[in-house]
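S.K.: Once you've had a glance at the structure underneath, I'll fire off some questions.
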Amino acid sequence: MTRRRSEDASDAMEHSAKWFLKKHEDGEVFGPVEFAKLKEWSRAAQVSPLDQVSDDRAHWLKAPMVPELHMDYLIHLGEDSYYGPTTEEAVLEFLRSGEITVESIVINCCTGAETTLRHADFFQGQPPAPEATALNEPGRRSIRQNLQQRIRELELLLMDERRQLDMAEAHIRQLERRLQDAGLPAG
């Protein structure tokens, strides 16, 4: 019964014409589109792992959380640096653009299998030909652009955390002074 319910949910998802894509970097929303179009964007590397999707514009999910988008692969970029999860087609798009090579390591998030792109089941020996992006569709972003955006966000988050820590420390010092002024031992 659970499997049937899962298939019904998947069928409903596939046939819904009210899907939206919210780009992480600027909050721009694309849609409504059919789920098939959303899958097409995902395969074309137009949906980043940080983008969100929704069928009601009230509840948003990170795109990789939707199994039907098949964003199942991580690309190992170097020491402790990964991109993804993303689709097989997006991995091939990054190969075509020269951002990765056939010796780049890809990891299937569903199985945990780790291999070079050259030996991945979906690799056919040639990167795909580039496709044009229509004006009303989300643009492709390179791995480097996505990583730079994420670094900027983490730096801003770190600065905010640092500011909050400084404020908390100042508040603690203020409270300790009050305790001392009251003649009570601090700490």
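S.K.: Here is a check on your reading of the model: is GLU137 in contact with a helix residue (DSSP H, G or I) (Cβ under 7 Å, 6 or more places away or on another chain), modelled with pLDDT of 85 or more and closer than 30 Å to GLY27 by Cβ?
M.R.: no
S.K.: Next question, about the same structure. Kindly indicate whether any position in region 87-99 is in contact with a strand residue (DSSP E or B) (Cβ under 9 Å, 6 or more places away or on another chain), in contact (Cβ under 8 Å) with a residue 24 or more places away in the chain, surrounded by 11 or more Cβ atoms within 10 Å (Cβ to Cβ) and more than 24 Å from TRP19 (Cβ to Cβ).
M.R.: Yes.
S.K.: Taking interchain pairs and intrachain pairs at least six residues apart, which have beta carbon atoms under 8 angstrom, with the first residue in region 63-83 and assigned by TED's automatic domain parsing to the domain that holds ALA113 and at positive phi and the second modelled with pLDDT of 90 or more and surrounded by fewer than 22 Cβ atoms within 10 Å (Cβ to Cβ)?
M.R.: Listed by first residue and then by second, the contacts come to HIS70/LYS39; HIS70/GLU88.
S.K.: Need at least 1 residues that are under 16 Å from the mean Cα position of the chain (by Cα), at pLDDT below 90 and not acidic (Asp, Glu) per element, so show me which strands (runs of 3 or more DSSP E) inside region 1-116 make the cut, counting only ones lying wholly within it.
M.R.: Counting at least 1 such residues, we get 73-78, 81-86.
S.K.: Exactly one condition in (1) at pLDDT 70 or above; (2) assigned to a loop (DSSP other than H, G, I, E, B); (3) loosely packed, with under 11 Cβ neighbours inside 10 Å is not met by ARG162; state its number.
M.R.: The number of the failed condition is (2).
The values are calculated or read from the model by the stated rules, or taken from the named source; none is laboratory data. As the structure is a prediction and not an experimental result, all values here were calculated from the model. Cβ atoms come from the backbone with ideal geometry, glycine included; neighbour counts cover every protein chain shown.
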